[in-house]
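Worksheet for the structure shown next.
The values are calculated or read from the model by the stated rules, or taken from the named source; none is laboratory data. Keep in mind that what you see is a predicted model, and the values were worked out from it rather than measured. Cβ coordinates were reconstructed from backbone atoms using ideal geometry, including for glycine residues, and neighbour counts include every protein chain displayed. Ligands, DNA and RNA are stripped out before the accessible areas are found, and what is left, the full protein with its side chains, is counted by its heavy atoms. Shrake-Rupley method; radii C 1.70, N 1.55, O 1.52, S 1.80 Å.
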Amino acid sequence: MSALPDDFIREIEAVVGAVGMVCDAERMQSYLSDWRNAYRGEAALVVRPASTEEVAAVVRLCNQYEIALVPQGGNTGLCGGSIPDASGTQVVLSLTRMTGIREVDTENETITVEAGAILQTVQEAAAEVGRLFPLSLGAEGSCTVGGNLATNAGGTAVLRYGNMRDLTLGLEVVLPDGQIWNGLRGLRKDNTGYDLKHLFIGSEGTLGIITAAVLKLYPAVRSVTTAWVALPSAHAAVQLIGIIRGLCGDRLTGFELMSRLSVDFVLRHVGACSDPFTETHPWYVLIELSDTQPDAPLNELLEQGLGGALERGLVTDAVLASSEAQVAALWAMREGISEAQNHEGPSLKHDISVPVSCIPAFIQTTDQRLLDQFAGVRIVAYGHVGDGNLHYNVSKPVGSDDTAFKAQQDAIMHVIYEATTRFQGSISAEHGLGQAKRAAAKHYKDPLELALMRAIKTTLDPKGLMNPGKVL
Ligand code: FAD
Ligand code: 2HG
Ligand code: ZN
């Protein structure tokens, strides 16, 4: 029996039709757990509206009947933000039928897309008109623009283009009372007071439903050079960024750091990946340079930078990709880490950032503390080192019991977040808080900032119906 009033269900059906509702327990399953199966909930109903007006009508009904809503896009988030709670009383509002590309304006260099559009589809639509939409991440084949906006997603090109916040000019949002805010402006300058779109970007569905966005386009890239580089230490990686950036400026688009254990996991679990080097090394970086000019001398620039670094002992080996297949193979090694770690049992994810200059000391002191206190844990450290963003994940000791390891989750987290705080970092660089880090944020975030966030939440969503139990 449904936890929802019959009248509510009838009215929802009048808005979205049977095609826009998932009531059947079996068909509902994919909306109730996340990609890793780390979070699971129950829902009274999944609603899939096909237009902004339908979203607004659904939200108005939820407001009227006081029913909590959980917005969901591609369900690839890593903090359980899109998963309902266990009560079975919440409604999942999936944006996956709103996939339209509303407008491409090549003179204004913008693309206007609906929230359910898959990121890769947006990248392809930009490429069709000779432009680049630069947000790029491992889940781009299934995550949605709405989810990217709601989590302020980062990824592998932030170094050059910024995160989703930097790539957005305008938003359309359905507010918790069902009003539609049309902020779909393609303006690069607009100082008429508070910039409201930034309230919704990164709000993880707790302030409203994002239904469409105006995004920035960039010139298409016509030359790319990709290198896989071995280094003796994380400190060498931080020094190498400075060298490459000094030489190549904005042509440096990717600089991804990986520990040997991260690479080992990929070699073990992700098919068709092979180590570019015969010897093993403690650290690797994947470097990408790009340019809008065809035949830009990127190989020469990178060879010059790496040659100098080799002489100074900062680099121990390097290989430049010589075909598109090799470029894809190198990126597959990097993008495969997340999946590979799933095969090694439970993993505790810590998506932290510290100032780039502090990364070596953070790794050294935190590794030491963890290994002293939790014998045998496997630290899988990798990430977007040019942004100061480390995925400092921890896998259980080989052969140990899953439950015993999970019982240490809070103690392990405390060591890592205490170090993050000491280095004046953030406990969530790009994945958000969701339900995973809500309690930690209460502990580690500035109380005044939390109070301001609560005041905004109460003003916009006084009944607390938008994604309750997430973020705050
Ligand atoms: P969902 O998971 O469906 O939702 C995420 C949050 O946004 C939830 O709180 C949900 O309620 C809210 N939400 C979704 N749609 C809307 C909407 N329209 N309006 C309001 N709220 C909404 N993230 C990065 O930042 N960088 C990476 O490099 C990266 N790599 C990844 C690699 C892999 C293999 C995987 C599985 C994930 C990765 N992620 C990364 C995390 C994830 O892909 C991103 O957070 C992505 O932006 C989520 O999009 P989604 O559509 O799947 O959102
Ligand atoms: C990445 O950079 C993603 O690969 C996922 O942000 C990180 O799985 C993770 O911890
Ligand atoms: Zn990442």
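Is region 1-144 best put as rounded, prolate or oblate by its Cα gyration tensor, with a ≥ b ≥ c the root eigenvalues, rounded for a/c under 1.5, and otherwise prolate when a/b is larger than b/c, oblate when not? Oblate, because a/c is 1.5 or more while a/b does not exceed b/c. Inter-label distance, THR292 to ARG188: 1.0 nm, where each label sits 7 Å from its Cα along the C-beta direction.
Percent of alpha carbon pairs in the chain separated by more than 43 Å?
Values: 17328 of 111156 pairs.
Every Cα pair in the chain considered, those over 43 Å come to 16 percent.
Once you have the Cα-Cα distance between GLU303 and GLN120, take 0.36 nm times their residue separation minus that, and quote the gain in nm to one decimal. Don't jump to the answer; show the numbers that get you there.
Details: separation 183, 0.36 × 183 = 65.88 nm, distance 3.13 nm.
Between GLU303 and GLN120, full extension yields 62.7 nm more.
Measuring with a 1.4 angstrom probe and ignoring ligands and nucleic acids, ARG102 comes out at about 100 Å² accessible. Among the protein heavy atoms of the chain, carbon and sulfur supply 50% of the accessible surface, probe 1.4 Å, non-protein parts ignored. Taking all protein chains together and rolling a 1.4 Å probe, ILE456 ends up with roughly 70 Å² accessible.
With every protein chain present, what is the per residue accessible area of region 101-236 (1.4 Å probe, Å²)?
On a per-residue basis, 38 Å².
Compared with the alpha-carbon gap, the fully stretched path from SER33 to VAL19 is longer by 2.9 nm at 0.36 nm per residue. Calculated FRET efficiency, ASP410 and GLN239, Cβ-Cβ r, R0 35 Å, to nearest 0.05? It comes to 0.50.
For region 374-462, relative contact order (Cα pairs under 8 Å, six or more residues apart, normalised by length) works out to 17 percent.
Taken along the Cα-to-beta-carbon direction at a fixed 7 Å, the label points for HIS443 and SER274 span 4.6 nm.
Against the longest principal axis of the chain, how steep is helix 324-335, in degrees 0 to 90 to the nearest 10, with axes from Cα atoms? Approximately 70 degrees, to the nearest ten. The stretch between GLU42 and ALA332, if pulled fully straight at 0.36 nm per residue, gains 101.0 nm over its current Cα-Cα span.
With r as the distance between the Cβ atoms of GLN64 and ARG102 and R0 = 25 Å, compute the FRET efficiency 1/(1 + (r/R0)^6) and round to 0.05. Once the sixth-power term is evaluated, E becomes 0.30. Quick one: helix 298-311 against the long Cα principal axis of the chain, what's the angle to the nearest 10°, folded into 0 to 90? Around 60 degrees separate the two axes. For the chain, a simple Cβ point-charge model (Lys and Arg +1, Asp and Glu -1, everything else neutral) yields a dipole of about 920 debye relative to the Cα centre.
In nm, to one decimal, how far is the modelled label at THR403 from the one at ASP166, with both set 7 Å along Cα→Cβ? Roughly 4.7 nm, to one decimal. Using heavy atoms of the protein chains and a probe of 1.4 Å, the accessible area assigned to MET413 is about 40 Å². In a reduced charge model with +1 at each Lys and Arg Cβ and -1 at each Asp and Glu Cβ, region 302-352 shows a dipole moment near 120 debye about its Cα centre. Under the classification rounded if a/c is under 1.5, otherwise prolate if a/b is larger than b/c and oblate if not, where does region 378-418 fall, given a ≥ b ≥ c as square roots of the Cα gyration tensor eigenvalues? Here region 378-418 falls in the oblate category. On a per residue basis, region 267-382 carries 47 Å² of accessible surface, using protein heavy atoms and a 1.4 Å probe.
Does region 231-297 come out rounded, prolate or oblate, given a ≥ b ≥ c as the square roots of the eigenvalues of its C-alpha gyration tensor, rounded meaning a/c under 1.5 and, failing that, prolate meaning a/b above b/c?
Working: a/c = 2.85, a/b = 1.56, b/c = 1.83.
The shape class here is oblate.
Relative to the longest principal axis of the Cα atoms of the chain, the long axis of helix 447-460 lies at roughly 40 degrees. Report summary: the helix-based calculation at 222 nm, which adds -39500 (n - 2.57) for every DSSP H run with n ≥ 4 and divides by the residues of the chain, gives -10000 deg cm²/dmol. Taking the Cα centre of region 381-455 as reference, the dipole from Cβ charges on Lys and Arg (+1) and Asp and Glu (-1) amounts to some 200 debye. Using the Cβ-Cβ distance between THR458 and GLN368 with R0 = 35 Å, the FRET efficiency computed as 1/(1 + (r/R0)^6) comes to roughly 0.25.
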